[in-house]
1. Can you confirm whether the stretch 135-150 contains a residue that is closer than 30 Å to PRO213 by Cα and without any contact (Cβ under 8 Å) to a residue 12 or more places away in the chain?
2. Kindly indicate which of GLN422, GLN417 is under 38 Å from the mean Cα position of the chain (by Cα), under 22 Å from ARG538 (Cα atoms), among the polar types (S, T, N, Q) and open to solvent by 10 Å² or more (accessible area, probe 1.4 Å).
3. Go through (1) open to solvent by 10 Å² or more (accessible area, probe 1.4 Å); (2) β-branched (Val, Ile, Thr); (3) more than 26 Å from PRO550 (Cβ to Cβ) one by one and return the number of the condition VAL334 breaks.
4. What do you reckon, is LYS450 among the basic types (Lys, Arg) and open to solvent by 10 Å² or more (accessible area, probe 1.4 Å)?
5. Applying the selection to the stretch 367-382, what residues are closer than 16 Å to CYS339 by Cβ and among the polar types (S, T, N, Q)?
6. Between ASP63, ASP85, which is in contact (Cβ under 8 Å) with a residue 40 or more places away in the chain, open to solvent by less than 60 Å² (accessible area, probe 1.4 Å) and charged (D, E, K, R)?
7. Which residues, counting only those in the stretch 552-567, are assigned to a helix (DSSP H, G or I) and either at pLDDT below 90 or closer than 18 Å to THR487 by Cα (or both)?
8. Which residues, counting only those in the stretch 173-188, are closer than 11 Å to TRP218 by Cβ, open to solvent by 60 Å² or more (accessible area, probe 1.4 Å) and in contact (Cβ under 8 Å) with a residue 12 or more places away in the chain?
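The values are calculated or read from the model by the stated rules, or taken from the named source; none is laboratory data. All values reported here derive from a predicted model rather than from experimental measurement. Counting neighbours? That spans all protein chains shown, and the Cβs are built from the backbone with ideal geometry, glycine included. Just the protein is used for accessible areas: all its heavy atoms, side chains included, with ligands, DNA and RNA removed. Shrake-Rupley method; radii C 1.70, N 1.55, O 1.52, S 1.80 Å.
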Amino acid sequence: MKRLDKFKHQLVCVFDDNLHTKIWHNIADWTIIALIIISSLEVFLSTFEGISAEYGGVLRFIDVFTTIVFTVEVTLRIWVADLLDSRYKGFWGRVRYCFSFYGLIDILSTYPFYLSFFIKLPVGALKVLRTARLFRIFRYMKSFRILGQAVASKKQELTISFAFLSILTVILSFLLYFAEHDAQPELCENGWQTLVWAFAKYLGDPGKIADFPLVTFWGHFIAAIVGILGIAIFAVPAGLIGSGFVEVIEANNHNIEIADNAEAIRHALRWEKDQHYTNLFVVPPFKPLANLLMKQYLTEAQVVEAVKETPNLHLYNLAKAYNTEDAPADKVVVAGCVCNRPYGCCIDRGSKVTIVSTSGYDEPLTSWVAYHIAKIGGFNYVSKEIETDINNSVSYYNIESEDACPNMRQYLDDIQQLSSEQDSWVIPMAFCVGPASREHKVHLCYNPVKHDAGFNDAGCTIKDSELFDSFADDLADVMEKSFDLKTDRNDYYVVGKTNVLHHIPCKNGFALRLECAPFYFSEDKVAKIKTMADVLNRHFEPGVEKPIPPEMVTRPKECFGFEDYKD
């Protein structure tokens, strides 16, 4: 299943219709385009009797071969349609895809070939359907996409103008009937004739269906108005589409600028070496806004817009990571993250331990710590990084309703799937900003009652108490000896009835809450993260070899941000 999902995601990259992605994706795209051209050329050559008689076998082979290839391609496109667009999920979603413009072209240009084995179909009809494959090239053409966007952007204006012109034409055709009927009843017999006459004039009167002379003054007058409308009925849409073109091109250029600015920010998050403690290469947790303005030559507005339009970037005020008693000053920074789900991130490493960052959108530094614990420890990782409504944020830590957010269900389903084994552990993480005087800096929470370190409460989220005791004691001992950080159990924070752990069937889980200062801002934060990952492995996955990811040991020449990490 894992390999199948990976293959499916690779197909999505191939079918993204982008000719500027990875080299093998481009080869697949250009191969499809070449086969479309060859197939259409075969249809064209088959219209020449001499060529068809002499090379009929070759042309037939090309027809069969390209049809088989396109059948496989189209079938795979239908299969992965749900990943290309969320509208195409499920059976009826696939049906909806099949009736989309490109979906219909795909099906009509391939599957009827097989119907001809069972039903006698006209050869001409099959050739016409095969030539329809040329429409498929449009999906790779940026200019055609711009045309579609321009028309879509002016859809309302075009509808209104066509409706207005059509209604006006109907009114004029009725007036024309009343003006001409008495003068020439044999030629202007009813309102339908004048209605057809008016619309036929717009199209240049093909077939001479409106070829009768007007003899009255008012008839000529109305005909003149119809003639003016004939100009307007083409000029108005052309003007609207033209302005739509300008707007779409400007919007595309603006989007390119935003993407370039986001890439500049990503390059600012260049990997750094933890030289004094672990010698590991890691993505820095953040870059101050001031640094981006000076080093990347961006304006504040450009940074804000780039972050707003890029899911794997967050703006964050470091003052939120300090207790208010410390009177922190505002300091805006940009933090990075990983996004591969509508809600944020899900990475399956086949581990029994799943680390969950429940509030990455509001606490990006917690996500940074959680991500690196999971990466160094080889654990599964899930994080919420995207807020569907910034004016009405939804907690993924304490969940009031599983329907409170459109992405909540997938988030819970992913955690449930990763922790489906009997001896799995789920560890949601969140930060805390206690006063500097607070003695404990690492908080383990698994009960709904404060100061209750036992396991008998009905709301306790741990069943294997013996294993957890062993882990908790080891963690407390190591963190205090190595970093002078004390650990408590349910002394300051608890796991309430709405906590995410109560929304999944996993039998063992506990919330890990860390004080910001010693984990976000200390020089030895990577060492602390590695130590916690080692303790987790020692107790929850003993005997499983977990080597440090190679890119964290020896950094490649060019590494910027989370995108250059390997899952």
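1. no
2. Within the list GLN422, GLN417, the selection yields GLN422.
3. (1)
4. Answer is yes for this residue.
5. Within the stretch 367-382, just SER367 meets the criteria.
6. ASP63
7. Within the stretch 552-567, PHE562, GLU563, ASP564 qualify.
8. LEU175
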